[in-house]
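All of the numbers you see were taken from the coordinates with simple rules; none came from a lab. In this text, all values refer to a predicted model and were calculated from it rather than measured experimentally. Note: ideal-geometry Cβ built from the backbone for every residue, glycine included; neighbour counts use all protein chains shown.
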Amino acid sequence: MRIPLLLLLFCFTFYKADAQNYSETIKKANSLYQSKDYNKSLALYEEAFKINTDEYVDIYNAACTAALANIPSKAFKYLNEAIDGGWTNVDHLKKDTDLESLHNNKNWTELFNKIQLKIDLKNLVPYRIKDKWGYSNSKGKLFIPAKYDSVNFFNEDNFFNKYVAINIINKKYCLISNDDKVIIPAQYEKLELIHKGLLIAKNKTKYGIINSKNKIVVPMIYDSIAENYEYSKNSSKEYYYLSKIGKDYFIIDAQFSVKKINKTDYDSKNHEYVMGYFPDDLKKLENEKWDYIKQNKRQIIENNKTEIDSFSTKPYEIWGAFSNLVKIYKNGKSGFVEIDELLKYKIEKLIVPQYDTIIDIRFDEPAMIPRFFLAKNGNKITVVDFNNNVLLPPIYEDYSKLGYRNIFIKDKGKYGYFDLETGTEIKPKYDFLKYSYDDLLKVKLKGKWGYINTTGFEYFKD
């Protein structure tokens, strides 16, 4: 039923007044807490919660006030409500002196168990046992049995209001929640979660779209379907789906109406462009510097002959978004300087040429300040920062990837991990290793994949 405009205005005014009353009441409750009038403060918190119970920080503060007022039943009530609302700061809970009166209460331990369970369920890790997959917490305690052929990480979905993952069991795709409840049963050859509880599904050889109740909303007649969106005139995102049957192309709008389009239009909507940015005035300045350096190369070397025999003007030996690091040579060894150093009569700051090869450099973004570099001497790699501190000693023969704080090391055909900030090391033992999710790495060992964390804990058993 359409709500009359007058009623809508009334509802909006009422909502705005409620929000203001809530805010003012909480402010008064906080003030009374500061003046240590805990009973009156608690009464105002409770008055505010008659208006709104969505702010878990305020609910936590009410719990603290109740504890200080020596009303443990209400303190635990609000602590539990805060946790249910999303509050999981265990470290703060342990240190909070407002809650000291609750420490000897039997409910205190149960509260921590509840928070830990919430944290565990939020951060489940794919765990493999032989050829089947389940999920464990960060310490390897299994929460979902190893019964799947393949699993994905759980991600929070606002439509379902829970953490969900698309997995494979008995060669069929399904959608489950992190409490191991089945949302979409395992009956499809493929599933892709898109938006508002919708999923692109494949049944045998054809694609369609289903909703969260496993009801078909777009018939499974298409050779392919891809989610997309466009910006309408008011700049809001309008979802649509590109689909194909044989040589025929279609666009399906958010209301699932189908319109045939030509291949050119299809290809255009299916293509994304990545634009770079380099200010013209900055580019002009860098070109002027390089022109000067190239023209005066012999004089620059003569002025600095104790530091350098030569320097490079080759594009692939110049680093940085603004071409500001230049490779230099001395006695057959490599180092580098910033371009502005070459403009001076005498170089004042440089990475001394002492490396056989400079392999790569990492910069802090967006200012693109050089952070550290990867080099090789003999048959060993090393990582050094720009204060000449050695971050990775020269003990490994190769690498596969250099990150902003770590490096994948390689030795005798095996892969490991080294944290450049902490010095934490996972010795090379894996057949392959790559980035995965948060602080997890995906590894291959004896022909099987699994996950490890950055301390080397393995989330698999054979």
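Treating cross-link reach as a plain straight distance, find the lysines whose alpha-carbon is under 23 Å from the alpha-carbon of Lys414, omitting any fewer than eight places away in the same chain.
Lys130, Lys376, Lys380, Lys401, Lys427, Lys429, Lys434, Lys442, Lys444, Lys446, Lys448, Lys461
Name the residues of the range 204-233 whose amide N is less than 19 Å from a point 7 angstrom out from the Cα of Asp253 along the C-beta direction?
Zone members listed by number: 209, 217-219, 226-233.
Charges on Cβ only, +1 for Lys and Arg, -1 for Asp and Glu, centred on the Cα centroid of the chain; of Gln116, Leu193, Pro353, which one is farthest towards the dipole's positive end?
About the Cα centre, the residue reaching furthest to the positive side is Leu193.
Treat the count of other C-beta atoms within 10 Å as a stand-in for reagent exposure and order Ser138, Ser268, Ser31 from fewest to most.
Ser268, Ser31, Ser138
If you average the sequence gap of Cα pairs under 8 Å that are 6 or more apart and divide by the length of the range 154-269, what percent do you get for the contact order?
In percent, rounded to a whole number, it is 12.
How tilted is helix 5-34 with respect to the longest principal axis of the chain? Cα atoms for both, answer in degrees (0 to 90, nearest 10).
With rounding to tens, the tilt is 80 degrees.
How big is the charge dipole of the chain about its Cα centre, in debye rounded to the nearest 20, if each Lys and Arg gets +1 on its Cβ and each Asp and Glu gets -1 on its Cβ?
I would put it at about 1680 debye.
If I stretch the segment between Asp131 and Glu227 completely, what's the gain in nm (0.36 nm per residue apart, minus their alpha carbon distance), one decimal?
Using 0.36 nm per residue and subtracting the Cα-Cα distance, I get 31.3 nm.
How much net charge surrounds Ile221 when only the other residues with a Cβ under 13 Å from the Cβ of Ile221 are counted, with Lys and Arg +1 and Asp and Glu -1?
+2
Using a Förster distance of 22 Å, how high is the FRET efficiency between Asp84 and Asn39, based on the Cβ-Cβ distance and rounded to 0.05?
0.30
Specify the angular offset, from 0 to 90 degrees and rounded to the nearest 10, of the alpha carbon long axis of helix 72-85 from the longest principal axis of the alpha carbons in the chain.
Here the helix axis deviates by roughly 60 degrees.
Among all the lysines, which ones have a C-alpha under 24 Å from Lys206's C-alpha, if same-chain residues fewer than 8 places away are not counted?
Lys171, Lys172, Lys190, Lys196, Lys215, Lys244, Lys247, Lys259, Lys260, Lys263, Lys269
Once the Cα atoms of helix 106-122 and of the chain are each reduced to a long axis, what angle between those two axes, in degrees from 0 to 90 to the nearest 10, is obtained?
50 degrees
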